[in-house]
Amino acid sequence: MLTKSQKNGPATQLDPTPALHVETAVLHGSYRCDPATLATTVPIYLSNAYAFESIEHASDVFDLRREGRTYSRLMNPTTDIFEQRVAALEGGIAALATSSGQAAIMLAILNIAAAGDNIVSSAHLYGGTINLLAGTFQRLGIETRFVDPSDPERFREASDHRTRCWFAEALPNPKLSPFPVVEVGAIAHELGIPLIIDNTMTPLITRPLELGAHVTLHSTSKYICGHGTTIGGIIVDGGTFDWAAYSERFPLMTSPDISHGNIRWLDAARDLPGPYGSSPYLLKMRNTLMRDFGPCPSPFASFLCIQGLETLTLRMPRHCSNARQLAEYLKAHTSVLDVTYPTFGGTVERHRAEQNMGDHGGPMIVFEIAGGIDAGRRFIERLQLVYHVSNIGDARTLATHPASTTHASVPREARLAAGVRDGTIRISVGLEHIEDIVADIGQALDRA
Ligand code: PLP
């Protein structure tokens, strides 16, 4: 299983076959120890540039005739390991890390859509994504058609010959109604439109690429980093979309690209060995949009995300089991009007929850407190253990009032469509002992 890359020395890579289980791949994938120092932790390569062996080597690498590194805006050895491990986690062929989740969404869509094109998106989204799609993309000439995702056929109905992709969150923040990845993925496959799934809320427990999505992405600022210590994003290509078969719809992928020496991305990827060339979609993204806009992660951010990944397989089940127990407690509490938790939905929702997340119900809860907006404010102010912050996916339990924070700049109608009422409280359930979480929430509810 080990590959000896140094004569008589320790192995510096694992043999890629047999394929490792996810729990093992996030600890050992693509790196075992540093060949120069034998250090077992992935080093932080704080180097902007990489020495070329010769003039020919430099031009081969720049022209993508040969795998190699040019400059850390485009690639970095620490970030490479992070990308390969997340690709393994998601069952994809390659990944591209970005400086934030927002940057990941921006690049994933701009890579295939231009002015005059449209995309179809679920209306159940994080507020920042609604701003990006309905505001900034609109100004760039890319129209977003928002649809109610509870009926998968809405995606088909809203699409035309200028539709470049479909977009949704696997478990929408903060709507929490599981997206029908299987059903929408099947229609996307039929029409030849790539389905891009934001899997920020459910890494590991939902595997969108296996369910039928073509691309998945994350804000790694959340559960992948896991400790609220760094902002980041990542895009993973499942390698299942046949760009050549739909070349009329995807001229940006299939026609010569004048911004990169008239390169044809499908040909270039086919001829380039190694991880950068394994996905034409990401090869193009790295060498055009990352090159031009530059939202790259720092190697230190990638290092922190690598640390987070190492314990993700332990953390996600614990986040979910704490959330389920807290949701049961809230459901029985007299001061709570209703609790939104994926496994509490109707038959269709419960089926989609099981399809997407198996036995897990997800790591977040939304509830409506009796007494409206004032009681909601008092509840937040009385929390002692639970933090009042507008974030999710921390090891600690976090509470927020989305109408006054994450969704404050979203128009009221779009905010309601995204599941945010005036008195809605969102809890990102952490890893503390469940009795301590329940005790703090209980005392805050009693005094709200
Ligand atoms: N996608 C989802 C589902 C999110 O919740 C967030 C942020 O909360 C983002 C994307 C944006 O990520 P970032 O804050 O890393 O830019």
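All of the numbers you see were taken from the coordinates with simple rules; none came from a lab. Please read all numbers here as calculations on a predicted model, not as lab measurements. FYI the Cβ positions are ideal-geometry reconstructions off the backbone, even for glycines, and counts take in every protein chain you see.
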For the chain, compute Rg over Rh where Rg is the Cα radius of gyration and Rh is the Kirkwood radius from the inverse mean 1/r over Cα pairs. 0.98
Zone reached by a paramagnetic label modelled 7 Å from Gln325 Cα along Cα→Cβ, restricted to segment 422-436 with backbone N below 14 Å, covers 429-436
Work out the FRET efficiency for Leu337 and Glu413 from their Cβ-Cβ distance, taking R0 = 25 Å, and round it to the nearest 0.05. 0.70
Check: the chain dipole with +1 on Lys, Arg Cβ and -1 on Asp, Glu Cβ, in debye: 580
Assuming 0.36 nm per residue, please report the length gained on full extension of the stretch Leu27 to Glu157 beyond their Cα-Cα distance. 42.5 nm
What is the sum of charges, Lys and Arg at +1 and Asp and Glu at -1, for the other residues whose Cβ falls under 13 Å from the Cβ of Gly226? +2
In nm, to one decimal, how far is the modelled label at Arg447 from the one at Asp34, with both set 7 Å along Cα→Cβ? 5.0
Under 17 Å Cα-Cα from Lys331, which aspartates and glutamates qualify once same-chain neighbours fewer than 8 residues away are excluded? Glu368, Glu435, Asp440, Asp446
Gap separating the Cα centres of segment 348-425 and segment 170-210, nearest whole Å: 20
